[in-house]
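Colleague: Let me give you the structure first, and then I'll get to my questions.
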Amino acid sequence: MIRFTTRLACWAVAWWLASTLLLVSTVNVRAEEPRTPAHTLTASTGAPAGPFFPIVASLPRPAAKPPLPFAGPLVGPLIKRVPMSDLVKRTTAFFPTQADLARLTPIEQPAETRWIRVDLSEQLAVVYENRRPLRGFVISSGLPGTPTVEGEFRIRTKVRAQTLSGGSGENAYSLPNVEWVQYFYSDYGFHNTYWHSDFGKPMSRGCINMTTADAKWLFDWAGPTWDGKTNWFSSTKANPGTLVVVHE
């Protein structure tokens, strides 16, 4: 009887040990199962949904640059004062004074009736008509890692509204309903910006960020003259794009 009881106790201990080892093994296997990357999960899981699209440029992009020495633009009288919280009406537009123009990098004025000047070092865009500065805007150009292209270009395509997407992984972005887009070189252009209010310092992936009101004003003023209905509207010889000069 004693031997039988001893054997029964040994069997019980052995069964308990075997069950414990099986449970630990199962937990370890589950802990090592691969997880779905966060960037591919759907919105129902609480993580952002994909897919993400890479930036595609048909022409070379400029190399990364060190940050510009910048302390914030000094501008003349504002055309209108609107709180930055008003995404539709807010504006940075101002009437350029001689003091404003004196702070810009000296360049040769082109022989154009209308042209747009973008000074990256001052984060300002100034439009000229009949050789006189008509209006200025505080803008946001490309960050040091994604600088804005420099040179002389012409606006080639206007887009009333589109989704801007690019990058990959943690750097991916998708911005719906970006309005008043004007491309002047590859995928570089002017467009409205509703996701930040930090105009006056570099913030973009290379484009020229403007308020919605400012981007619309420039869209309406610059060539090619839009037909008012075509979402993707291209310049032609009969309806050319306005000259754009971008410099530091």
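Colleague: Which aspartates and glutamates, on any chain, are close to Lys201 with Cα under 19 Å apart, when same-chain ones fewer than 8 places away are left out?
Modeller: Output for Lys201: Asp100, Asp119, Glu122, Glu150, Asp214, Glu248.
Colleague: Could you list the chymotrypsin sites (Phe, Trp or Tyr not before Pro) in the stretch 159-210 that lie in coil according to DSSP, counting only those with at most 12 other Cβ atoms within 10 Å of their Cβ? List each step's numbers first, then the result.
Modeller: Details: sites: Tyr173, Trp180, Tyr183, Phe184, Tyr185, Tyr188, Phe190, Tyr194, Trp195, Phe199; in loops: Tyr194, Trp195, Phe199.
Filter output for the stretch 159-210: Trp195.
Colleague: For the residue pair Ser165 and Ala238, what label-to-label distance in nm results when each label sits 7 Å from Cα along the Cα-to-beta-carbon direction?
Modeller: 3.6
Colleague: Along the positive direction of the dipole of the stretch 132-248 (beta-carbon charges: Lys, Arg +1; Asp, Glu -1; about the Cα centre), which of Phe190, Pro224, Ser140 reaches farthest?
Modeller: Pro224
Colleague: Let me ask another. Compute the distance in nm between two label points, each set 7 Å from the Cα along the Cα-to-Cβ direction, one at Glu179 and one at His247.
Modeller: My value for the distance between the label points is 3.4 nm.
Colleague: For the stretch 103-248, what class follows from the C-alpha gyration tensor (a ≥ b ≥ c being the square roots of its eigenvalues): rounded when a/c is under 1.5, otherwise prolate if a/b is larger than b/c, else oblate?
Modeller: Oblate.
Colleague: Here is a follow-up. Computed FRET efficiency, Cβ-Cβ of Leu87 and Thr113, R0 41 Å: what is it to the nearest 0.05?
Modeller: E(calc), rounded to 0.05, equals 0.80.
Colleague: How far is it, in nm, from the label point at Thr157 to the one at Arg131 when both lie 7 Å from their Cα along the line to the Cβ?
Modeller: 3.6
Colleague: Taking the beta-carbon count within 10 Å as an exposure proxy, list Arg135, Arg117 from fewest neighbours to most. Each step should come with its number before you reach the end.
Modeller: Values: Arg135 18, Arg117 22.
Arranged by neighbour count, lowest to highest, Arg135, Arg117 become Arg135, Arg117.
Colleague: Kindly give the semi-axes, whole Å and largest first, of the ellipsoid equivalent to the stretch 158-214, taking each as the square root of 5 times a Cα gyration tensor eigenvalue.
Modeller: 17, 14, 12
Colleague: With 10 angstrom as the radius, rank His247, His191, His196 by how many other C-beta atoms surround their C-beta, starting from the fewest.
Modeller: By the 10 Å Cβ count, ascending: His196, His247, His191.
Read-outs: derived from the displayed coordinates by stated rules, not from any lab. Note that this is a predicted model, so its numbers are computed, not measured. Note that we place each Cβ from the backbone using ideal geometry, even for glycine, and neighbour counts take in every protein chain shown.
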